[in-house]
Amino acid sequence: MDEKLLTMSKTELTRLEVMKRIAEKRLRQKEAAVMLGVSERHIRRLLRAYCQAGEAGLISKRRGQPSNNRLPVQVKQAALDLLHSRYADFGPTLAHEKLSEVHQLRLGKESVRQLMIAEGLWKPIRQKPPRVHQMRLRRSCRGELVQLDGSPHAWFEERGPRCNLLVYIDDATGELMELLFTPSESTFSYFAATRRYVERHGRPVAFYSDQNGIFKINVKNALTGSGMTQFGRAMRALDIDIVCAHTPQAKGRVERVIETLQDRLVKELRLQNIATIPEANAFGPTYIADFNQRFAVQPRSNHDAHRLALFSDQELDLIFSLQETRILSKNLTLQYKNVIYQIQTTLPTYALRKAQVTVCENAQGEIILLYKGKPLDYTIFHQQQRQAEVVLSKDIDTQLKKSPKPAPDHPWRRYGKKLNHQPLQLP
């Protein structure tokens, strides 16, 4: 009699042993049901199959056949075509969102991941050992703490210049509150982003930032100055606290969001064919709404801690400007950035001698002189030659004039390559 080789799984081998014990009257059906975790009715069904066909009766009849839940061939082929043509460098999660929402393909995220792995479009990421950091609970109210940071990155890839993205995220909900693309991460950039934030949402209780010189004076034992940066002075006028983190992990929420944006937002800008800062800023509110719908969480409290702005446009213009204090000379002149300003007044000159005047400069370089909160008329008496200026490290690229790029056929681009030199023809 020919012996037939049977392939059985561990579960089927366990069932075989149980069925043998039941057939030999060494085990009751009720006890067998508890051992296998099935019903007594199913035990009787298995026992009947075992008595009729022996060991082969316990082997699944579906073995070797395609699953009923397999991905349809048409859907699989359509997904593969789109993955190769449009989403080759997308992650599985983002690619699944685009396939299901834009192209209406019904397939699971894990199916997309397996397809990308099989096609060599995605390499499984080996998980690193987790680093232990002290956990901090989210704030309870929206607007109680807002984390902010900037990220220089090739947001437009090769279609446009590198720029900075300023990100404001609520600590309680994880909502993106503000996105602003700027040429550099400067005080005026944060002024513009914060003003948009205040006009849109109101004044939060506190901002949580790093120890950048825009937010914190990093000179120890400074002998001059007010001990407060221009951004800090503006936030004090708005009654908004500034909290500086000691480590990047302390403000990990905004750090992780920026890492997510460097993946997802870059690809969204590519799909929208956006390559300039104005176009990206115009697209920002649409992307914020979509991001918050996907990732925002419900806060522990429904109270919104934002407060109304309660400032006019003229007051906000002065708050979000660079302000420095000067003392008028006997001739009613003052110097600011190598320019001498002459005060024009109908009052007696002795009334303004040695008076303290506030110089306000906006992003366009316009100057307003304030005395006791009121503007003063002035003329430019003398403008000195430009001297060395103190520039923050993050503003060096914008201050220096970049050299023009060489032409595509410039010899520099062929440096190191073999050139086809032609022999010199002598007359």
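Numbers at a glance
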read-out	value
Which numbered condition ILE288 misses (of (1) farther than 27 Å from PHE188 by Cβ; (2) touching a residue at least 40 places away in the same chain (Cβ under 8 Å); (3) β-branched (Val, Ile, Thr))	(1)
Residue within region 53-60 that is closer than 30 Å to LEU16 by Cβ and exposed (fewer than 12 other Cβ atoms within 10 Å of the Cβ) present	yes
Looking only at region 126-163, and only at residues there that are among the charged types (D, E, K, R) and touching a strand residue (DSSP E or B) at 6+ places or on another chain (Cβ under 8 Å), the one that is farthest from LEU265 (Cα to Cα)	GLU144
Selection count where residues are surrounded by fewer than 13 Cβ atoms within 10 Å (Cβ to Cβ) and either touching a strand residue (DSSP E or B) at 6+ places or on another chain (Cβ under 7 Å) or under 13 Å from SER100 (Cα atoms) (or both), scope region 75-89	0
GLU12 vs. criteria surrounded by 14 or more Cβ atoms within 10 Å (Cβ to Cβ), acidic (Asp, Glu) and assigned to a helix (DSSP H, G or I)	yes
Options GLN104, GLN65, GLN77: the member that is outside the structural domain of GLN262 (by TED's automatic domain parsing) and at pLDDT below 90	GLN65
Residue match in region 134-146 (condition: touching a helix residue (DSSP H, G or I) at 6+ places or on another chain (Cβ under 6 Å), in contact (Cβ under 8 Å) with a residue 60 or more places away in the chain and either more than 30 Å from ASP81 (Cα to Cα) or assigned to a helix (DSSP H, G or I) (or both))	no
Test: residue in region 237-255 that is polar (S, T, N, Q), without any contact (Cβ under 8 Å) to a residue 12 or more places away in the chain, outside the structural domain of ARG326 (by TED's automatic domain parsing) and over 25 Å from LEU310 (Cβ atoms)	yes
Residue match in region 181-198 (condition: more than 15 Å from GLU144 (Cα to Cα) and part of a strand (DSSP E or B))	yes
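The values are calculated or read from the model by the stated rules, or taken from the named source; none is laboratory data. Since this is a predicted model, take the numbers as computed values, not measurements. Every residue, glycine among them, receives a Cβ derived from its backbone with ideal geometry; neighbour counts consider all protein chains shown.
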